[in-house]
1. For region 217-231, name all the residues that are open to solvent by 40 Å² or more (accessible area, probe 1.4 Å) and in a helix (DSSP H, G or I).
2. Between a residue in region 137-149 that is within 30 Å of G187 (Cβ to Cβ) and any residue that is hydrophobic (A, V, I, L, M, F, W, C) and open to solvent by 80 Å² or more (accessible area, probe 1.4 Å), which pairs come within a Cβ distance under 8 Å, given they are 6 or more apart or on different chains?
3. Just the residues that are among the charged types (D, E, K, R), at pLDDT below 90 and in a strand (DSSP E or B), please, taken from region 117-156.
4. Which residues, taken from region 157-177, are surrounded by fewer than 21 Cβ atoms within 10 Å (Cβ to Cβ), touching a helix residue (DSSP H, G or I) at 6+ places or on another chain (Cβ under 6 Å) and either at pLDDT 95 or above or of a type in the set (S, T, Y) (or both)?
5. Does A195 qualify as being surrounded by 15 or more Cβ atoms within 10 Å (Cβ to Cβ), out of contact with any Gly (no Cβ under 9 Å at 6 or more places or on another chain) and assigned to a loop (DSSP other than H, G, I, E, B)?
6. Looking at region 260-299, which of the residues that are among the polar types (S, T, N, Q) and part of a loop (DSSP other than H, G, I, E, B) is surrounded by the fewest Cβ atoms within 10 Å (Cβ to Cβ)?
7. With in contact with a Lys or Arg (Cβ under 9 Å, 6 or more places away or on another chain) and of a type outside the set (S, T, N, Q) as the only criterion, which of L130, L180, L147, L190 stands out?
8. Which one is nearest to S230 (Cα to Cα), of the residues in region 262-292 that are of a type outside the set (A, V, I, L, M) and in contact with a strand residue (DSSP E or B) (Cβ under 7 Å, 6 or more places away or on another chain)?
Amino acid sequence: MPTRCAAPATGSAARTAATPATAIGIGGGTPAPAASTWPSPSYGKRLTSRSGCWSGVVGPSPPWSAWWPPPYLLGVSTRRMEKLVEQLGITRLSKSQVSEMAKDLDGQVEAFRTRPLDAGPYTFVAADALVLKVREGGRTVNVHALLAVGVNSDGYREILGLHVTSAEDGAGWLGFFRDLTARGLSGVALVTSDAHRGLVEAIGATLPGASWQRCRTHYAANLMAATPKSAWGWVKALLHSVYDQPDADAVHAQFDRILDALADKLPAVAAHLDAARADILAFTAFPKAAWRQIWSNNPKSG
């Protein structure tokens with residue numbers, strides 16, 4: 001779900017992002033314009049979450065100090081680095097030059113990943129996992145990148161953290177959220193994610209005052225698996241109608257009507273929806289202007 005974000009930096013510069021609260025219906029006023037942003041829309045690599053729900057494009061924009069995402073995510077090789085720096089007019093690199101650039105990238109990434117989270121309160125947070133292929137010990141392996149994005153006190157989305165683990169499990173998510181809180185994550189009212197058990201338990205353990213919103217896109221995929229194929233079109237339309245209501249009371253009333261409509265024809269589907277009700281409707285406790293940005297961990301969903 002990332003929007004364009006600032007080039008890696010520390011302090012206030014690290015909090016720059018490209019989407020003000022007024023654009024997503026959170027907060028008010030006119031936030032200061034973003035400073036340096038990336039990526040260039042013409043260059044980058046698309047990342048997709050474990051489920052395919054979350055996606056974003058990362059890529060470079062000059063100068064070199066802002067070019068860290070592609071080589072960091074792709075894995076640095078002389079050939080790949082040569083392709084990147086061609087944009088700067090450099091036609092050839094030696095292995096030693098690539099090594100020096102890699103060291104510089106490592107430092108920038110580490111500074112970004114460990115910076116203090118001092119722009120709180122972060123009212124809304126979304127979390128998801130990316131599956132990436134990396135080179136390790138001369139072979140290509142899959143790793144899981146745990147990612148969290150929050151809306152800071154200035155109303156901008158900010159990438160809060162990125163941890164790479166060998167597996168997406170409860171221990172990994174717990175360590176990730178403990179790191180976020182140790183770095184200053186505070187004021188969280190709602191966390192949006194899928195229903196991965198380890199992730200949900202980590203949210204509860206580290207952010208006890210926060211509500212949990214089950215991502216509507218992930219939930220739809222879960223519900224589809226529990227619905228006869230011939231009936232999915234109808235059930236999908238019913239589910240979508242919940243999110244088209246004008247206010248919280250109307251959302252809950254429509255949900256009741258859907259349960260009544262399904263109770264006799266598809267009792268298992270009705271039970272599935274009823275069990276998930278509190279989790280998929282958590283967004284209704286917040287202002288309607290923010291709903292489209294908080295009912296999914298993909299901000300373009302809806």
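The values are calculated or read from the model by the stated rules, or taken from the named source; none is laboratory data. The model shown is predicted, which means the values in this text are computed figures rather than measured ones. Because the Cβ atoms are built from the backbone with ideal geometry, glycine has one as well, and the counts that use them run over all protein chains shown. Ligands, DNA and RNA are stripped out before the accessible areas are found, and what is left, the full protein with its side chains, is counted by its heavy atoms. Shrake-Rupley method; radii C 1.70, N 1.55, O 1.52, S 1.80 Å.
1. Result: T217, A221, N222, M224, A225, K229, S230.
2. Qualifying pairs under 8 Å: H144/V164; A145/V164; L146/V164.
3. Going residue by residue through region 117-156, those that are among the charged types (D, E, K, R) are 118, 128, 133, 135-136, 139, 154.
Those still in the list that are at pLDDT below 90 too: 133, 135-136, 139, 154.
Correct list: K133, R135, E136, R139.
4. The answer is T165, L174.
5. Working: surrounded by 15 or more Cβ atoms within 10 Å (Cβ to Cβ): yes; out of contact with any Gly (no Cβ under 9 Å at 6 or more places or on another chain): yes; assigned to a loop (DSSP other than H, G, I, E, B): yes.
The answer is yes for A195.
6. First, pick out the residues of region 260-299 that are among the polar types (S, T, N, Q): 284, 293, 296-298.
Okay, now just the ones that are also part of a loop (DSSP other than H, G, I, E, B), so 296-298.
Values: S296: 28, N297: 28, N298: 22.
Going through the qualifying residues, I end up with N298.
7. Details: L180 fails: in contact with a Lys or Arg (Cβ under 9 Å, 6 or more places away or on another chain); L147 fails: in contact with a Lys or Arg (Cβ under 9 Å, 6 or more places away or on another chain); L190 fails: in contact with a Lys or Arg (Cβ under 9 Å, 6 or more places away or on another chain).
Going through L130, L180, L147, L190 in turn, just one is in contact with a Lys or Arg (Cβ under 9 Å, 6 or more places away or on another chain) and of a type outside the set (S, T, N, Q): L130.
8. Step one: of region 262-292, the residues of a type outside the set (A, V, I, L, M) are 264-265, 267, 272, 274, 277, 279, 283-284, 286-288, 291-292.
Then keep just the ones that are in contact with a strand residue (DSSP E or B) (Cβ under 7 Å, 6 or more places away or on another chain); that gives 279, 283, 286.
Working: D279: 26, F283: 30, F286: 35 Å.
Top of the filtered list is D279.
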